[in-house]
Each structure stands twice: as structure tokens, then as C-alpha cells.
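The values are calculated or read from the model by the stated rules, or taken from the named source; none is laboratory data. All of these numbers come straight from a predicted model, not from anything done at the bench. In this analysis, Cβ positions are derived from the backbone assuming ideal geometry, glycine residues included, and neighbour counts consider all displayed protein chains.
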Amino acid sequence: MSWRLVLAGLALLLLTACATSPTGRRQLLMVSDADVNRMGLATFQQMKQTDKLSTDARKADTASCIVRQLVAQLPADWQALDWETQVFAVDSPNAFALPGGKVGINTGMFKVAANQDQLAAVIGHEIGHVIARHSAERLSQSALAEAGMGLAGAYVGRNASPAQVNQVVALLGAGTQVGVLLPYSRLHETEADKIGQALMAKAGFDPREAAKLWENMIRAGSGSQAPPRLLSTHPDSASRASALAQAAPALMPAYEVARRAGGPRCP
């Protein structure tokens, strides 16, 4: 096959792979939702088998309740996913959400988040990555850089090398759990911030607490040689805390409506 045909095929693929994020941003998605969801599920199952799981029932109940409250604010097609929440007995403050509706929270996050609103802020942010299809977007960008879909296809087919598996796990957004740091882009982080903060307000969690959560994360890293891993994958935290604080007033009406309706109700 000539390079002209390859390039023509690639150009056609790029034209047909365009999508729009929840904020209206144009995206390139070359991986189907079904494939990326399978990757998310496989990764989550692997992590539950290899990582230490928390036995703290109260933390599990609180985390699951917050996820349910946030998911209830999503469009119906996203609500229809098989959402699952797992608390991991890991001291580093971290949380993630994988395609397919799989949410993980480290016990260390409960030490940094001062209340349920702050937990909702970080969980909402991670869910924002999922519904904005950031994992699929990063997989697509990686596949484009490697001139093919072999990386994602190999993992879906369980035929990938350990290095490929680690790269896909990192692309999905759970890389900090397996020691591979692959930060989301600044654009993705900003988008997830906006989506997550709006979700928490609609669910009845105080959107002003999002900025405070990031301030807590900064303080948590100030007394040690290395910052919390979640902080290390989210650049320019002070500026983001400031941006979240500025965005909160516009979200207060939605928060107040939810509070008058009795939400949220978490232990």
C-alpha cells in the first residue's frame, strides 16, 4: 500500500473521529466508548486484585453515596453505566475515575478532604474526566503518535506487553496507582474542574469547597520532599484553586436549589 493511500485513510479517519466535549470543545476520538470502557473495567478489576482494599465501612459508604449523588446529575446515558466505587487502603491522597464508571478513592484522600463537599470536589473532577472522554482522547492522541491503534487494541485483546499495559493504564487516568505518572493536559484539567464543580453544586455540595480542597492539597505537600501524587499530576494548583474560587459564586444558585430539595444525603 502506498503512503498516499495510508495518509488518505488517516485523513478520512481524522475527519470522521471528531466529537464535542461537554464544554463544547472539539475533540479527536479514534477509540470507541465500548473499547475504552472495556479497558477501564479491565484496569479496575486488576487494581482490585493487586492493591490493598479498605475495610472501613463508613468510608466506603460515604464515598459510594457521594458518587451516587454526583452521577444522578449526569445525562441519562452516563447514568446508565455500571458505576462502582472502591476505597483503596493507600495513604497517598489520590482519587480517579475510569471509563465505564469505575471510581477509586485512597484512604489518604479522607485525611486531606476536610468534609464531604471537598471529597465531592475531587470525585466530581475525576468523573468530569470520564464524561469528557479524556481517556479516549489521550488514547487517540497516543495512537496517532504511534501511527496505529495497536496499543489500545493489544490491551483490549489482553496481548499487550507490561510496558504497554502501564502506558494504557496511565492514559486511562489511573497511572498514579501503578507508579506511572502521565499527567492530563492543562486543558483537560481545566475542563474537568469546570464539569466537576458544576456537578457538585447541582448535587448539593458546596462549590466553594473545591478551591479549599486544592488549598489543602498544597498544604499537604508543603511539609514533605515530594507532593501528594494527585498534586504532582495536576500542575499549577494555586492558580487552579483561585480559578475555582472565582467560579463558585455563579454556581451557588444551583447549590441552593439542591439544598432546598434536601440533597445531598450521605452518611
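To keep it simple, each residue is scored yes or no on (1) in contact with a helix residue (DSSP H, G or I) (Cβ under 9 Å, 6 or more places away or on another chain); (2) modelled with pLDDT of 95 or more; (3) farther than 17 Å from N115 by Cβ; (4) surrounded by fewer than 21 Cβ atoms within 10 Å (Cβ to Cβ).
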site	(1), (2), (3), (4)
G196	yes, yes, no, no
A203	yes, yes, no, no
W214	yes, no, no, no
M217	yes, no, no, no
S222	no, no, yes, yes
P235	yes, no, yes, yes
S242	yes, no, yes, yes
V257	yes, yes, yes, yes
G263	yes, no, no, yes
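Selection of segment 123-152 for residues being at pLDDT 70 or above, farther than 10 Å from L29 by Cα and not in a helix (DSSP H, G or I) yields only A132. Of the helices (runs of 4 or more DSSP H) that lie entirely inside segment 1-111, those containing 2 or more residues that are exposed (fewer than 13 other Cβ atoms within 10 Å of the Cβ) and at pLDDT below 95 span 3-16, 33-50.
Scanning segment 253-263 for residues that are farther than 15 Å from K212 by Cβ and assigned to a helix (DSSP H, G or I) gives P253, A254, E256, V257, A258, R259, R260.
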